Every structure is written in C-alpha cells, then in structure tokens.
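Scroll down for the structure; my scribbles are underneath it.
The values are calculated or read from the model by the stated rules, or taken from the named source; none is laboratory data. Not measured: the values here are computed from a predicted model. Because the Cβ atoms are built from the backbone with ideal geometry, glycine has one as well, and the counts that use them run over all protein chains shown.
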There are 2 protein chains.
Amino acid sequence: MTPTIGVFDSGFGGLTVLRALIQRLPAARFAFLGDSARLPYGSKSRRTIARYAAESARFLVEEQGADYLVIACNTASALALDAIQEAVSVPVIGVIEPGAEAARRASKTGDVLVIATDATVQSHAYAAACQARGLRALEKACPLLVPLVEEGWTSHDVTAQVFRIYFGELMADAASQGLTPDTLVLGCTHYPLLKPLIEQAIPASMTAIDSAESAADKLVQQLSQDLGALPATSADSQANPSAEPVLHCFATDSVEKFERLGSRFLGRPVGQVQLVDLGG
Amino acid sequence: MTPTIGVFDSGFGGLTVLRALIQRLPAARFAFLGDSARLPYGSKSRRTIARYAAESARFLVEEQGADYLVIACNTASALALDAIQEAVSVPVIGVIEPGAEAARRASKTGDVLVIATDATVQSHAYAAACQARGLRALEKACPLLVPLVEEGWTSHDVTAQVFRIYFGELMADAASQGLTPDTLVLGCTHYPLLKPLIEQAIPASMTAIDSAESAADKLVQQLSQDLGALPATSADSQANPSAEPVLHCFATDSVEKFERLGSRFLGRPVGQVQLVDLGG
C-alpha cells in the first residue's frame with residue numbers, strides 16, 4: 001500500500017514540512033494545499049480559522065484521497081486541530097505537539113525558548129504544550145523573520161542582525177525570570193530556512209528544534225505503527241536517489257507567488273500549482 | 001457647513017493620510033474605515049478588491065454620511081477607483097494621481113523613482129499616472145519596509161540599512177536605463193513614518209514625495225472649489241491648537257492591532273475603534 005499524505009497550510013511556508021516528509025517517505029504520494037486566498041489566518045477569529053481549516057482538510061481527504069493529514073501551519077495547529085479532527089476520519093498531526101515533544105527530549109534544564117509569529121505566540125499553544133511536559137517555556141514573536149525569508153535574505157547580514165536583536169531580548173527576558181534555557185523551538189514553518197543562520201547566532205550549547213522535522217518524525221512513527229513497515233525509507237531513497245515523489249500542489253489564490261517562492265521552501269521544484277476554489 | 005470626510009484603507013496604514021487631512025482641515029468631521037478582516041488586498045483579484053472597496057465606500061457614505069471619500073490605500077486606488085466612483089455619488093480621491101501630480105511639479109529631469117508594496121508595483125498604476133504626465137518612472141517593490149514600520153523600527157539602524165540596499169538597487173537600475181532621477185515617490189501609506197530616515201539616505205538634490213500629503217492637498221483644493229471657503233484652515237488650528245477633530249474609526253477585524261499601532265500612524269490617539277461587519 002502506498003499511503004497518500006495530505007499536507008495543509010494557510011500559505012506555502014508549510015512546504016518546509018512537506019520537504020521533511022519527502023526526505024523520510026520518498027515513495028509516498030503527497031497532496032499539498034495552501035489556502036492562500038484566505039491568509040493570513042493569524043488575524044482572524046478562532047471560529048473562522050476552524051471553518052477554513054476544516055474545509056481545507058475535507059478537500060485533501062475527500063477529493064485527494066489523503067490517508068493521513070499533516071497540519072503544516074502553526075496557527076491552524078494551535079486553534080483548529082480539534083475542528084479538523086472532527087471534520088475528517090483520518091489521523092491528523094499538527095506541528096505544535098511534536099515540536100514541544102522534541103524540546104522535552106532535547107532540554108536538560110527544562111527551560112525552553114520559542115520563537116514564532118505574533119498569532120502563534122498570542123495563542124500560547126507552544127507554552128501550553130511545553131508546560132504539559134513539565135517544561136518552562138518563554139515565547140517571543142519575531143514578525144520580521146517571515147518577510148526576510150520571503151525576500152530571500154536567508155543568509156543576509158541584515159537578517160543575522162535582526163535575529164540577534166530578537167534573540168538578545170529573549171535571552172534578557174529569560175535571565176530576568178531566572179530561566180537557564182538550553183533549547184530553542186523554531187515555531188514557524190518559515191524558520192527552517194534560517195536554521196543555519198540561527199545555529200551560528202545561538203550558543204553552541206543550545207539546541208535548535210525545527211518543528212517541521214519533529215512533525216515529520218511523528219508521522220513516520222504513526223505510519224510504522226499502522227502499516228508495520230514503511231512504504232520506503234530514506235535508506236531506500238539513497239539506494240535509488242533519482243526516484244521522484246508523487247506530489248500535487250494546490251492553492252486557493254496567488255499561484256504565481258507559490259510557484260516563485262515555493263521551490264526555495266521545498267528544496268526542489270514545486271511543479272505546476274493547481275488553483276482550487278473552496279468558496280468564500 | 002461642516003463636511004464629513006470618509007477615509008478608507010484595507011488596514012490602518014491610511015491613517016497617515018488621515019493625519020495629513022486633519023492637519024489641513026481640523027474643523028471637519030472624519031470617519032475612517034480599515035477593512036482589516038479582508039486584508040491584504042494586494043494578493044486578491046481585481047474583481048474581489050473592487051467588491052470589497054465598493055462595500056467599504058458605501059458604508060462610509062450611506063451609514064456615516066461622508067460627503068467626500070479619500071481612498072487612502074494604494075492597491076484600492078490602483079485597482080478599484082472606478083468601481084468606488086460607480087458605487088457612491090460623492091467625490092472620490094485616490095492617492096496615486098495626486099502623488100504623480102506632485103512628482104510632475106517637483107521633477108526637473110522628468111525622471112521619477114517610485115517605491116511601494118509588491119501589489120502596487122505589479123499594478124504599474126504609478127508608472128501609468130507618471131507617464132500620462134510626461135514623466136519617466138521606475139518602480140521598485142520594497143516588501144520589508146511595511147513590516148519594519150509595523151515593528152516600530154522607524155529610525156532603527158537596520159531599517160536604514162534595508163532602505164539603502166533597496167535604494168541602491170533602484171539607483172543602479174535607473175543608471176543602467178540612462179535615467180537621472182531627482183524625485184522619489186513614497187507610494188505606500190506606511191512610508192510617511194520613514195520620511196526622516198529616507199530623506200537622510202537619499203541625495204540632498206532629490207525630493208521625496210509623500211502621496212499622503214499630496215492626496216490631502218488635492219482634497220483641500222476640491223473642497224475650496226466646492227465650498228468657496230474651507231471649514232477651517234491650518235492657520236485657524238494654530239490659533240486654537242487645542243481644537244480636537246471629530247473622528248470616528250471603524251475596522252472589520254483586528255481592533256486590537258489597530259488601536260495599538262494606529263496612534264503612531266495618526267500622530268494622536270485613535271480613540272476607541274468600533275468593529276463593523278461588512279459580510280463576506
């Protein structure tokens with residue numbers, strides 16, 4: 001059996017999660033939906049986000065035949081995971097719980113820093129998921145990092161400077177609260193593109209957790225439980241590196257920006273993006 | 001007669017236009033609507049933008065009694081001015097034509113630079129309005145400037161650095177096309193907050209045109225034609241500087257962000273922002 005993995009985001013940042021999934025499951029089929037006509041989700045109410053996310057989830061399951069669903073969007077994971085689980089009958093994995101779980105495994109001091117967008121920080125979903133695992137978490141919104149990534153300045157001196165300012169403020173806050181953080185969660189699907197820059201700027205003793213990687217690991221774990229064996233492992237892929245994954249990308253608007261920027265996030269061409277209409 | 005001026009934007013950036021209007025017409029009544037639930041307009045189709053803008057215009061005219069309408073949004077001015085003029089029966093002023101007109105008056109070489117958001121640049125509305133006046137215009141999208149303003153970094157060294165990078169690229173493009181620009185149009189309602197920083201970075205011989213100021217001047221001109229005399233001039237306001245304008249602000253979502261950031265754009269408190277539902 002070759003499972004179909006549905007991956008959903010409000011835009012195309014979630015392609016970093018798809019990239020991590022393809023690395024682990026090169027023989028699976030993938031359907032990615034970016035609900036770009038209705039982004040940003042961050043400024044909208046919980047009820048509206050839940051409706052949009054449930055419609056998107058149903059498209060992937062009912063029309064694209066997804067057997068598993070990965071919610072590659074921090075806002076939707078934070079505010080609409082329940083609504084999505086109610087809307088579809090397949091297993092649903094968000095990015096926040098796997099990110100917090102990876103932080104728990106990585107942290108020795110139990111003190112964790114989280115950087116994310118304004119909307120994700122305001123939901124305090126990472127703080128809650130960390131606290132449920134006995135960690136103390138300090139969150140900070142870093143609104144300039146997404147536009148810097150979208151501008152393509154992923155290794156630019158300006159971006160390093162902006163990151164150092166945000167990180168310095170966060171470390172000062174942590175110190176003033178008596179925290180000794182040793183783990184930094186990258187709580188936004190755009191941030192994996194900044195991981196090399198971030199790892200150069202933080203202390204060598206600190207671990208950066210990429211929640212895209214953590215969510216992909218979580219799906220692999222679920223698949224191996226369900227199927228007994230994986231459809232194909234990274235080892236198989238190394239034996240046959242030319243194998244191309246079966247991948248279809250859909251967007252509700254802005255196909256042009258998706259196609260232009262998407263390959264940078266996915267690490268390979270996104271191919272032709274199909275426009276779909278999910279209504280209002 | 002005290003006219004009511006309706007001012008419309010997709011967000012709250014247009015408060016810089018309202019600020020310029022209040023400076024000129026301190027005794028007028030003002031109603032400002034930010035259609036924040038449906039922003040950003042820039043990524044949406046012309047038909048959708050026209051529908052949103054027409055609904056917003058009707059709210060200001062029919063429910064708030066606006067006698068004049070100022071479209072303090074570059075995207076709506078570029079793509080929906082006709083649709084708004086059809087939707088309401090009062091005079092409608094956008095930001096693009098007044099900005100281009102001010103550039104024509106300022107430029108001696110006839111070569112003009114325009115910086116704006118991605119959506120405004122892609123519409124080429126400034127280039128067309130400049131060309132109609134015999135100017136040669138070169139446009140450049142500066143996507144990082146809006147988030148830097150919203151982060152409050154209006155005089156930050158990082159912002160100066162980002163501006164110098166964009167401006168350097170634009171000047172190099174101009175040189176390669178044989179242009180000798182002496183005028184820079186700030187084609188986004190967020191940019192007036194960067195005017196001091198921008199004026200320090202550009203050559204002393206170059207004039208920066210603030211299209212918020214130009215649109216306000218255009219309305220004053222129209223009012224003095226229509227009414228013979230103005231309801232109150234800046235001179236009156238200087239005689240009685242404590243006079244507070246009558247101002248009501250409305251938003252379709254994100255009242256919190258509007259109230260938090262709005263006063264920085266308006267240069268005075270925005271007061272309580274009222275939430276309105278325009279549907280869709």
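Points worth noting:
- Considering only residues in region A:3-61 that are within 14 Å of chain B (Cβ to nearest Cβ) and under 13 Å from the mean Cα position of the chain (by Cα), the one that is modelled with the highest pLDDT turns out to be A:34.
- Of all residues in region A:23-35, those satisfying the criterion of being surrounded by 22 or more Cβ atoms within 10 Å (Cβ to Cβ) and of a type outside the set (D, E, K, R) are A:25, A:28, A:31, A:32, A:33, A:34.
- Among the residues of region A:129-170, the one identified as touching a His at 6+ places or on another chain (Cβ under 6 Å) and more than 10 Å from chain B (Cβ to nearest Cβ) is A:149.
- Scanning region B:1-34 for residues being in a helix (DSSP H, G or I) and among the hydroxyl-bearing types (Ser, Thr, Tyr) gives a total of 1.
- Within region A:24-62, the set of residues being without any contact (Cβ under 8 Å) to a residue 60 or more places away in the chain, over 22 Å from residue B:36 (Cα atoms) and out of contact with any Phe, Trp or Tyr (no Cβ under 9 Å at 6 or more places or on another chain) comprises A:54, A:58, A:61, A:62.
- Of the residues making up region B:246-269, those that are touching a strand residue (DSSP E or B) at 6+ places or on another chain (Cβ under 6 Å) and at pLDDT 90 or above number 6.
- Reported count of residues in region A:247-280, each being touching a residue at least 60 places away in the same chain (Cβ under 8 Å), surrounded by fewer than 21 Cβ atoms within 10 Å (Cβ to Cβ), within 14 Å of another protein chain (Cβ to nearest Cβ) and part of a strand (DSSP E or B), is 0.
- Lone unmet requirement of (1) touching a Cys at 6+ places or on another chain (Cβ under 9 Å); (2) more than 19 Å from residue A:258 (Cα to Cα); (3) at pLDDT below 90 for residue A:95: (3)
- Residue in region A:171-197 that is nearest to the other protein chains (Cβ to nearest Cβ), counting only those that are part of a helix (DSSP H, G or I) and hydroxyl-bearing (Ser, Thr, Tyr): A:191
- Residue within region B:102-115 that is in the same structural domain as residue B:32 (by TED's automatic domain parsing) and surrounded by fewer than 18 Cβ atoms within 10 Å (Cβ to Cβ) present: no
- Residues of region A:52-74 classified as closer than 23 Å to residue A:22 by Cβ, touching a helix residue (DSSP H, G or I) at 6+ places or on another chain (Cβ under 9 Å) and not in a loop (DSSP other than H, G, I, E, B), total: 9
- Looking only at region B:136-159, and only at residues there that are in a helix (DSSP H, G or I) and buried (at least 16 other Cβ atoms within 10 Å of the Cβ), the one that is modelled with the lowest pLDDT: B:150
- Take the conditions (1) modelled with pLDDT under 95; (2) farther than 18 Å from residue A:266 by Cα; residue A:133 misses just one of them, which is (1).
- Of the residues in region B:11-22, at least one is surrounded by fewer than 23 Cβ atoms within 10 Å (Cβ to Cβ), closer than 19 Å to residue B:195 by Cβ and charged (D, E, K, R).
Listed here are the residues, each with its yes/no results for (1) in the same structural domain as residue B:217 (by TED's automatic domain parsing); (2) farther than 29 Å from residue B:25 by Cα.
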residue: B:61; (1), (2): yes, no
residue: B:75; (1), (2): yes, no
residue: B:125; (1), (2): no, no
residue: B:135; (1), (2): no, yes
residue: B:140; (1), (2): no, yes
residue: B:143; (1), (2): no, yes
residue: B:147; (1), (2): no, yes
residue: B:150; (1), (2): no, no
residue: B:162; (1), (2): no, yes
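- Among the criteria (1) at positive phi; (2) at pLDDT below 95, the one residue B:119 does not fulfil is (1).
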